[in-house]
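Coordinate-derived values only; no laboratory data. Just so we're clear, the structure is a prediction, and the values are computed from it rather than from any experiment. FYI the Cβ positions are ideal-geometry reconstructions off the backbone, even for glycines, and counts take in every protein chain you see.
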Protein chains: 2
Amino acid sequence: MNTLEEKQKEVAEKYNSEHFREQAHRVVDLLADYIAQSTQNREERMFCYDTPEKMYQKFKTDFREPAPYEEDVLIKDILKDVTQLHHPHYLGHQVSSPLPSSALADFCAALLNNSNCVYEMGPVACGIEKSVIDWLCSKIGFDESSGGFLTSGGSLGNLTALLAARQSKVPYDIWQEGVEKDNLCFLVSSQCHYSVKRAVAIMGLGNKNAIPIPVNENFQTDLKELEKAYNRAHQEGKVVLGVVANACCTATGSYDDLEGIGKFANEHNLWFHVDGAHGAPALLSETHKHKLKGIERADSVVWDAHKMMMTSAIVTGVLFKNADNAHHIFSQNASYILDRNQKNNWFDFALQTLECTKPFMSLKVYASLKLYGEKFFGDYVDYVYQLTSNFAEYIKQSDDFELAVEPQSNIICFRYIKSSQNLNELQISIREKILKSEKFYIVKTELNGNIYLRCTIINPHTKFEHLMELVEAIRKFAK
Amino acid sequence: MNTLEEKQKEVAEKYNSEHFREQAHRVVDLLADYIAQSTQNREERMFCYDTPEKMYQKFKTDFREPAPYEEDVLIKDILKDVTQLHHPHYLGHQVSSPLPSSALADFCAALLNNSNCVYEMGPVACGIEKSVIDWLCSKIGFDESSGGFLTSGGSLGNLTALLAARQSKVPYDIWQEGVEKDNLCFLVSSQCHYSVKRAVAIMGLGNKNAIPIPVNENFQTDLKELEKAYNRAHQEGKVVLGVVANACCTATGSYDDLEGIGKFANEHNLWFHVDGAHGAPALLSETHKHKLKGIERADSVVWDAHKMMMTSAIVTGVLFKNADNAHHIFSQNASYILDRNQKNNWFDFALQTLECTKPFMSLKVYASLKLYGEKFFGDYVDYVYQLTSNFAEYIKQSDDFELAVEPQSNIICFRYIKSSQNLNELQISIREKILKSEKFYIVKTELNGNIYLRCTIINPHTKFEHLMELVEAIRKFAK
């Protein structure tokens, strides 16, 4: 049995700064080599498609004995099979190919571990978060009464925003008393992210009360259907708390008419929530910001930096037109209990976020913005949106392919059609073969009963030539 | 207006591997220097206690123009005022002084950005997460039917576990239909973390239905009071869904009698949730694991690695005795809809976690466990728990101090009493002066109407001599 002093030494030894320095320098070289190889497409294989069981067996361990190697060997082993999000053939879900500077900021954030749920725990983290939130709000067009916070991802962001809506719009003290009747509802685009419907059910309102609004042929929420649904809900004795719009939606990347929906919501005194997790950063592009016209009408907006602002996952802005709403999310209904004249401190983050301890997540957003300036991110949006349009043009002109809908962002859905086979089965089989080749990563989606191949062109290393390589692979696997 | 090609080049340039290599090496040296200085207490000032407004002004920026410097300068500036969690005088909240190896793992996780909500997106991340979950479950004493996932912090973990309880125990399809009556309740320790009561209110059950169970003089949930509350709830027509116990509680670090509460819950067919966010890792210590006797009776356990396993924030295990429960959290009530014979795939993480995109958070836990072995973490628990006991002994023997309660973990509450002043005001004033000195970070808590100074001895660099330095500072500021 070790003495207390020996145990202290044993543990403290793992913090040895010179060991860290040596290992960290080695890991930096490994990561720099990874970036060089991956972005330049020097390796054909860009991920490992082994079965879950095989992957599990590979890493299964009882952790009884320390490994006979150090950090660099462990990381080298991870790098072998990792999914390379920096590879130009990474065309899958809406997860960024992180900027190296953002990863470096995360490294510092991880070591320093300054949380900001309480101001004292991380004054620097609080100052930086406020600075990022201010900027996000200003881009939306919110005035100085706005505010908000960063949180762990868009799903949690949507939940937190809808909790604010519930607090604000329910005509009794629902926080204290609970749901009294199953008649509280939200009107949500039928194309909204699954986390929106989930949030309504989590809050105890019932999945049935996330009432889906049909979309038009471009997968945008239909304004006439919105009005119909609103009237129907009223006739059924429901209390409509709010409307959720997409900017843009997940499946096809289509932007809702925020101006139209916002007007409707404002006129009927409904909470207006915009899920801008993917598409809000188009506000930084002079070419594309018109797609978000009306977003300033929102009561709350969710904006992910880990999608279209090239940071690592996860960091989401939850932004409120009226900052006070952020302070009443987890408390008694303001109108019953709180003194409206009481000042809400922006730096009391634990009162606003669902997390208690929260990572120093503002640093990576701040660092990239500070180093490159906001125009850089607008140029990035311009590039990937335009490349997606160009790809759509090619698809339309190819008689063996069919485009699902004109892309409005950097998400594109299309299918291979030159076949007598069942087309849905064909797309599934093509994608499976592509994944098995381990040379591309693409996904699929179902629209109106048809299955389409789906790409998010989110990696700035992807060029038109890489999309042509994908097209060739699809043609090969379709045979 | 740049051409498309120029924009691509402009963006891709920021991924230049050689620029990254150079800057990352510089940042590594800055961080290694920080560790050396901070752990060795070479700097007296261990955080910056400027006002929120001043901190905000320091970092306020419009991000219009790129900064005229690079990553290293930005990080150097952050390091100046950061709260040094590695400083032996860091004695505040339950946030770890991260192991450098864990920060290095986070660095890789951030750059690689392999999420695992969908298996294909991160096969490696899925394999590693499963390996970590298996180990956590085995330490609890769960058998092979157990399972779970990692999530973004203990608060989200508690919410997710209680959602599973709601799905499992409510006698109607609450997911689809919503809360039908305000009679669904949980019995929760009056000392439980605020996130537990919040979770009950978030779920629409009403804050009033998080029924607090009084604690005994050691701040442990009182079994007789539990039974009384259960009977009273029944008489009032409430449906008791579950019981929440602490291992350990936040304020005083006391462990509930899990064996007793677990038996009670099992006998009455109640969901038994253990909030082990802080104290579950004591299972790794031969000396202290007896404090968690009975934890294997739990239906769900929350276990933070970013508190007592020395990783950076945030990574929390949400562990279920029956893995199937993790798969029904966000879906129709199993008994109504789901085919119980349908196999739930462990690797379908998005069905289980509230997050959609989730960081590669398993890597930092895996890396430290793999490199050091599990016994290392038990030794760490032994060290900080014993040091806290020794400090308590000193406090008890000092006639100018009073201990609130015998510490059962590494959290200690005490107050300075040699004064004719109002003692509550005195503790507040002492703490404020300590914070203003910027030489120590400690917190405070209220117990039975009295305010106590509160320390979490979580940094393995803290030795008895540092606690004596704190005692001297308190005596000085009490004058």
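What to note about this one:
- Positive minus negative residues near B:ASN41 (Lys, Arg vs Asp, Glu; Cβ under 15 Å): -3
- Annotation for B:LYS476, label-to-label distances across the other copies: 7.3 nm (shortest first, one decimal, point 7 Å from Cα along Cα→Cβ).
- With the convex hull constructed from alpha-carbon coordinates only, the stretch B:114-371 shows a mean projected area of 13.2 nm² over all directions.
- Cα shape, the stretch B:21-79, gyration tensor, a/c 1.5 rule: oblate
- Gyration tensor (alpha-carbon) shape descriptor, the stretch B:47-105, a/c threshold 1.5: oblate
- Mean separation of Cα pairs under 8 Å and 6 or more residues apart, divided by the residue count, gives the stretch B:114-371 a relative contact order of 29 percent.
- The stretch A:165-192 versus the stretch A:96-156: alpha-carbon centroid distance in Å: 29 Å
- Taking 0.36 nm per residue of separation and subtracting the current Cα-Cα distance, fully stretching the chain between B:LEU4 and B:LYS181 would add 57.9 nm.
- Among chain A residues, the one whose Cβ is nearest the axis of the rotation from A to B, given with its distance rounded to whole Å, is A:GLY204, 1.
- Dividing the summed helix terms, -39500 (n - 2.57) for each DSSP H run of n ≥ 4, by the number of residues in chain B produces a 222 nm estimate of -13500 deg cm²/dmol to the nearest 500.
- Overall, the stretch A:113-371 carries a charge dipole of about 320 debye about its Cα centre when +1 sits on the Cβ of Lys and Arg and -1 on the Cβ of Asp and Glu, all other atoms neutral.
- When +1 charges are put on Lys and Arg Cβ atoms and -1 charges on Asp and Glu Cβ atoms, the dipole computed for chain A relative to its Cα centre reaches about 880 debye.
- Couplings 3J(HN,Hα) of the stretch A:59-70, computed from phi: 9, 4, 7, 9, 6, 5, 10, x, 5, x, 8, 10 Hz, in residue order, whole Hz [Karplus 6.51 cos²θ - 1.76 cosθ + 1.60, θ = phi - 60°; x for Gly and Pro].
- Stokes-Einstein, applied to the Kirkwood radius of the protein assembly as shown over Cα pairs at a viscosity of 1.002 mPa s and 20 °C, places its translational diffusion at 75 µm² s⁻¹.
- A convex hull fitted to the Cα coordinates of chain A yields 186 cubic angstrom per residue.
- Qualifying trypsin sites (Lys or Arg not before Pro) for the stretch A:53-115 [loop in DSSP, other Cβ within 10 Å: at most 12]: A:ARG64
- Sorted from nearest, the other copies put their B:ASN448 label points 7.1 nm away, the label point being 7 Å from Cα in the direction of Cβ.
- By DSSP, the beta bridges lying fully in chain A are antiparallel in about 55 percent of cases.
- The mean count of C-beta atoms from other chains within 10 Å of the C-beta of residues in A:306-317, rounded to a whole number, is 4.
- Cα gyration tensor shape of the stretch B:261-319, rounded if a/c is under 1.5, else prolate or oblate by comparing a/b with b/c: oblate
- Our summary gives chain A a relative contact order of 21 percent, counting only alpha carbon pairs under 8 angstrom and 6 or more residues apart.
- Other copies of A:SER398: label-to-label distances in nm, shortest first, labels 7 Å along the beta-carbon direction: 7.5
- Debye, to nearest 20: dipole size of the protein assembly as shown, +1 on Lys, Arg Cβ, -1 on Asp, Glu Cβ: 920 debye
- For A:376-382, mean number of other protein chain Cβ atoms within 10 Å: 4
- Peptide A:457-463 is shielded by partner chain Cβ atoms: per residue, an average of 3 of them sit within 10 Å of its Cβ.
- Within the stretch B:109-202, GluC sites (Glu not before Pro) in DSSP loop having at most 12 other beta-carbon neighbours inside 10 Å: B:GLU144
- GluC sites (Glu not before Pro) restricted to DSSP loop in the stretch A:30-118 with at most 13 other C-beta within 10 Å: A:GLU43, A:GLU44
- Ignoring the sites themselves, chain B has its longest run without chymotrypsin sites (Phe, Trp or Tyr not before Pro) in a DSSP loop having at most 13 other Cβ atoms within 10 Å at B:70-335.
- Distance from the stretch A:353-416 to the stretch A:215-279 (C-alpha centre basis), Å: 23 Å
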